[in-house]
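A short worksheet on the structure shown next.
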Amino acid sequence: KRRYSKTISQCCDYIFAHLHQRVDLSALAELTGFSPHYLSLRFRNETGQSIPLYVQTEKIREAKALLSFSRYNLVEISNILSFSSQSYFSTVFRQHTGMTPQKYRETYCN
């Protein structure tokens with residue numbers, strides 16, 4: 001993993017700890033004491049990703065683990081990771097992996 005400044009590491013840790021909730025910029029800004037705009041710019045400069053994309057990427061990483069090591073169905077995984085719907089979860093998963101969650105489970109987990 002890359003090494004980030006203390007501020008960005010703090011954001012990444014917060015995101016990881018709150019993957020099962022909705023993570024928004026205002027909570028991260030409050031956590032760090034920076035304005036949302038400045039924090040967004042700094043985060044992108046250090047990580048190469050916007051905060052929402054980073055959150056999505058981490059949620060999809062967690063979804064892969066849940067698909068691989070649990071018996072939760074897609075609706076349950078979608079709910080666990082606080083996606084607004086199972087169809088949105090499937091869309092985001094497909095954007096990140098090139099396959100649906102069900103296809104991922106069938107391909108890598110059986």
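The values are calculated or read from the model by the stated rules, or taken from the named source; none is laboratory data. Bear in mind the structure is a predicted one, so any value in this text is a computation, not a measurement. No Cβ is skipped: glycine too gets one built from the backbone with ideal geometry, and neighbour counts run over all protein chains shown. We work out accessible area using only protein heavy atoms, side chains counted, and drop any ligands, DNA or RNA first. Shrake-Rupley method; radii C 1.70, N 1.55, O 1.52, S 1.80 Å.
The table that follows gives values for the structure above.
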quantity	calculated
Counted residues, the stretch 11-25 - those being part of a helix (DSSP H, G or I), open to solvent by 70 Å² or more (accessible area, probe 1.4 Å) and either on the phi > 0 side of the Ramachandran plot or in contact with a helix residue (DSSP H, G or I) (Cβ under 7 Å, 6 or more places away or on another chain) (or both)	1
Members of the stretch 92-110 found to be modelled with pLDDT of 95 or more, of a type outside the set (Gly, Ala, Ser) and surrounded by fewer than 13 Cβ atoms within 10 Å (Cβ to Cβ), listed by number	95
